[in-house]
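The values are calculated or read from the model by the stated rules, or taken from the named source; none is laboratory data. Everything numeric here is computed off the predicted structure, so don't read it as measured data. Every residue, glycine as well, gets a Cβ built from its backbone with ideal geometry; the counts of neighbours run over all protein chains shown. These accessible areas exclude ligands, DNA and RNA; they are computed on the full protein's heavy atoms, side chains included. Shrake-Rupley method; radii C 1.70, N 1.55, O 1.52, S 1.80 Å.
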Amino acid sequence: MVNSDQHKVIVYNNSGLDQESDRYFMERALALAAKGQGYTSPNPAVGAVVVKNGNVVGEGYHRRAGGPHAEVEALLAAGNEALGSTIYVTLEPCNHYGRTPPCTESLIAAGIRRVVYAVGDPNPRVSGSGHRRLEEAGLIVASDVCVDEARQLNRFFFHYITCAMPYVIAKFATSLDGKVATRTGDSRWISGEKSRQHTHFLRHICDAIVIGADTAIADNPRLTTRIDGFPDPRHPIRILLDSRGRVPLDANIFDPALPGRTIIAATDAMPKMHKAGLIKKGMEVLTLPSAPDGRVELPSFLRALGKREITSLLVEGGGQVLSSFISTKLVDEVWAVIAPIIIGGESAPGPVRGLGVEKVAEAFQLQDAFIEKIGSDFVIKGYARHVSGDRHGASPGAQVR
């Protein structure tokens, strides 16, 4: 039964619990949480819905890091109606002082009767303590509602808290025959406008985007976010892997007028004069260890980003950069845009270069892969088979919220 403002009316059973209704309102909270994607990092995107007598009386979501948490937003909207109500939250309420006071105390003070949260918070400062504090105060607490959806929404946050490194997404666009450009180097545009808009959403939700020196020289990109009808897109931190300082100082990526900031990851091989020129233009230069091939060592690179509270990284190219991330098993997710065109040509490049594997059994594998048709293109998305929390050798302990 649905009332006039489309809020579901609940008839609770004797235990006061209704799984169908819990899922309904949690899905509503997840939809609210999604509005915060791209704005809350390094915090998670969280939504909350306050329900009383089967009606939504308040709702809110975490809008920006440092701002009120979703629970507080929802309680403010509910006002006195929060007394004796149920609140649905997409993540375990925090029980510590971080950028804001603990949400558990706000819920207790508001007279909330029951708290339902989707999934526990992996942050060591929160994990389990929020649940315990609420129960100790006499509230009814339930969890594990829409767990998979909640983890998916905040997969960057969960990975970052576990590994202290950013979650890595590799994205590329190819023709049906696996080409990212013609033999002359022309690549605009392989994918269609609609799929480009779709993948620009990745730039909006990811903290940073990285390319290599070859791509910067060949394409001279700006790496900004462009989404039609989106009034306030977030521009990711632009990162350039340029171990030897080959990209000229007048490249677009070094334009101080661009929104956001730019980081250059280099090695000791970068000339001092070039480094000084970058710093003079307002760029941040990270001097990192070099791999055996002379390029920036990627695990050290990711650890450096983690220390800067960069929770997610979009790898857009070129072929050598993608190859390096994939061969070292540092990719967590792949977005492959396949355009229905055939380019041909033995010398036309593919998306992933390097030596590649010797046997098919050694190939980089995806799990839970699925396909979407967007405009005239097909987008294949999937997740790496490795367990991301085990591969870096990094200790947990990133402290946010």
Identify which of ALA208, ALA336, ALA276 has the largest mean-square fluctuation in a Gaussian network model of the chain, with springs joining Cα atoms closer than 10 Å. ALA276
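Given the rule -39500 (n - 2.57) for each run of at least 4 DSSP H residues, summed and divided by the residues of the chain, what is its mean residue ellipticity at 222 nm, to the nearest 500 deg cm²/dmol?
-7500 deg cm²/dmol, from helical runs alone.
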Go ahead and set up a Gaussian network model of the chain, Cα springs under 10 Å, then flag whichever of GLY319, GLY229, GLY60 fluctuates most. GLY229
Cleavage-rule hits, GluC sites (Glu not before Pro), segment 278-356, DSSP coil, Cβ neighbours within 10 Å at most 11: GLU346
Between LYS275 and SER127, what length in nm is gained on full extension when 0.36 nm per residue of separation is reduced by their alpha carbon distance? 49.0 nm
The list (i) 70, 45, 43; (ii) 77, 45, 36; (iii) 81, 50, 42 gives values of Cα extents along the principal axes in Å, and only one came from this structure; which label was calculated from it? (i)
Rolling a 1.4 angstrom probe over the protein chains, ignoring ligands and nucleic acids, what is the accessible area of HIS198 in square angstrom, nearest 10? 50 Å²
Need one word for segment 58-157: rounded, prolate or oblate. Basis is the Cα gyration tensor (sqrt eigenvalues a ≥ b ≥ c); a/c below 1.5 gives rounded, then a/b vs b/c decides. rounded
Accessible heavy-atom area order of ARG113, ARG188, ARG133, highest first, probe of 1.4 Å: ARG188, ARG113, ARG133
Among the helices of the chain (complete DSSP H runs), which have Cα atoms covering no less than 15 Å along the helix axis and a Kyte-Doolittle mean of at least -1.0? 19-34
If you keep only loop residues by DSSP, which chymotrypsin sites (Phe, Trp or Tyr not before Pro) in segment 147-218 have at most 12 other Cβ atoms within 10 Å of their Cβ? TRP189
Based on the alpha-carbon gyration tensor of segment 255-298 and its eigenvalue square roots a ≥ b ≥ c, which shape applies: rounded if a/c is under 1.5, prolate if not and a/b is larger than b/c, or oblate? oblate
Once you charge only the Cβ atoms, +1 for Lys and Arg and -1 for Asp and Glu, what is the size of the charge dipole of segment 243-322 about its Cα centre, to the nearest 20 debye? 240 debye
Work out how much length ILE140 to ASP232 would gain on full extension: take 0.36 nm times their residue separation and subtract the Cα-Cα distance, in nm to one decimal. 29.2 nm
Whichever lysines have a C-alpha closer than 17 Å to that of LYS179, once near sequence neighbours (fewer than 8 apart) are set aside: LYS171
Pull out a ≥ b ≥ c, the square roots of the eigenvalues of the alpha-carbon gyration tensor of segment 154-215, then state rounded if a/c is under 1.5, prolate if not and a/b is larger than b/c, and oblate in the remaining case. prolate
Apportionment of accessible area to carbon and sulfur, segment 167-259, percent (1.4 Å): 50 percent
Ordering ASP268, ASP255, ASP22, ASP228 by the accessible surface of their heavy atoms, 1.4 Å probe, largest first, yields ASP268, ASP228, ASP255, ASP22
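Enumerate by residue number the trypsin sites (Lys or Arg not before Pro) in segment 323-386 meeting two conditions: DSSP loop (anything except H, G, I, E, B), and at most 11 other Cβ atoms within 10 Å of the site's Cβ. Mind dumping the intermediate values first?
Numbers: sites: LYS329, ARG353, LYS359, LYS373, LYS381, ARG385; in loops: LYS329, ARG353, LYS359, ARG385.
Filter output for segment 323-386: LYS359, ARG385.
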Along the positive direction of the dipole of the chain (beta-carbon charges: Lys, Arg +1; Asp, Glu -1; about the Cα centre), which of HIS274, THR174, THR215 reaches farthest? HIS274
So, for the chain, what is the accessible surface per residue at a probe of 1.4 Å, expressed in square angstrom? 46 Å²
